[in-house]
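The values are calculated or read from the model by the stated rules, or taken from the named source; none is laboratory data. Every value quoted in this text rests on a predicted model; they were computed, and no experiment measured them. Glycine also receives a Cβ, built like all others from the backbone with ideal geometry; neighbour counts cover every protein chain displayed. The protein model used for the area step is the full one, side chains on, heavy atoms only, and it has no ligands, DNA or RNA in it. Shrake-Rupley method; radii C 1.70, N 1.55, O 1.52, S 1.80 Å.
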Amino acid sequence: MSASGITPHTIEDYLNKYVEKLPEKRSRFSEQVWLFPDKVKDHTFEDIQHRISKLTHLPQFLVKKSHFQIVHYGKSGHYNAHHDSYEISKTSLPTPCCIDGFRKSCRICRFMTILFYLNEVEEGGGTAFPVANKNTAGDDTKFIVDGGLNLQVNCNKSSLVVEPKQGKVVMWYNHKLDYNTGWVGQLDWKTWHGGCGVKRGEKWIANFWILYSDNKDKHLKH
């Protein structure tokens, strides 16, 4: 312990209490659970996977390689702007995708996001896309420095905000297409998105991600 009585533990304890009292200071304020439909036999999952296959025009064997995430946002619940997938490394030995098997070090590889709204939200809770449709080249540094990540404060400044409505589905691609390989290309920086603060009521959503692998031939093998 230092002379002033400040230690890493006391700092951590202070910060935890601070964000507990002021949840808007957190980057994410929600509860979530993972569901693995490929590991169970469930008619509801099968129906959803079938509908996703029709929506995306992707074969079901690719759809079934993905997982569900159910998320609950209470009062002041939010999620600051983020990307759902990681950038593809340009090094000769890139960090492998997590879908290629459990590793201590792997990257999240999500080609497509499909978001389901499961209930009516009394007020707030929209899904914001802060830089959607902007024509300038991606400049994440400026966007972050300017406070663009903080959707509790800057939600209304976003280029696009999708209002939550039960039964609505939003779908987007997280990566561009690499025309040389015919496979997944670089991350689309314009897909910065997040959940605006819930002002009244609560919000329930489900996330479904179409995963991909760096090994195109292996991934497309039925």
Any residue in the stretch 125-132 that is of a type in the set (A, V, I, L, M, F, W, C), open to solvent by 20 Å² or more (accessible area, probe 1.4 Å) and out of contact with any Asp or Glu (no Cβ under 8 Å at 6 or more places or on another chain)?
-> no
Selected residue (criterion: farthest from PHE143 (Cα to Cα)) from residues of the stretch 171-190 that are touching a helix residue (DSSP H, G or I) at 6+ places or on another chain (Cβ under 8 Å) and of a type in the set (Ser, Thr, Tyr) = THR181
Scan the stretch 198-222 for residues that are open to solvent by 10 Å² or more (accessible area, probe 1.4 Å) and either among the basic types (Lys, Arg) or in a loop (DSSP other than H, G, I, E, B) (or both) and report the count.
-> 11
Scanning the stretch 33-60 for residues that are surrounded by 13 or more Cβ atoms within 10 Å (Cβ to Cβ), modelled with pLDDT under 90 and hydrophobic (A, V, I, L, M, F, W, C) gives LEU35, PHE45
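Tell me, please, whether a residue that is at positive phi, touching a residue at least 40 places away in the same chain (Cβ under 8 Å), open to solvent by less than 50 Å² (accessible area, probe 1.4 Å) and of a type outside the set (D, E, K, R) can be found in the stretch 69-78.
Keep residues of the stretch 69-78 that are at positive phi, which gives 76.
So of that shortlist, the ones also touching a residue at least 40 places away in the same chain (Cβ under 8 Å) come out as 76.
Going one step further and asking which of them are open to solvent by less than 50 Å² (accessible area, probe 1.4 Å), we end up with 76.
Those left that are additionally of a type outside the set (D, E, K, R): 76.
Yes, the stretch 69-78 contains a residue that is at positive phi, touching a residue at least 40 places away in the same chain (Cβ under 8 Å), open to solvent by less than 50 Å² (accessible area, probe 1.4 Å) and of a type outside the set (D, E, K, R).
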Where ILE99 falls short, out of the listed (1) at pLDDT 85 or above; (2) in contact with a Leu (Cβ under 6 Å, 6 or more places away or on another chain); (3) open to solvent by 30 Å² or more (accessible area, probe 1.4 Å) = (1)
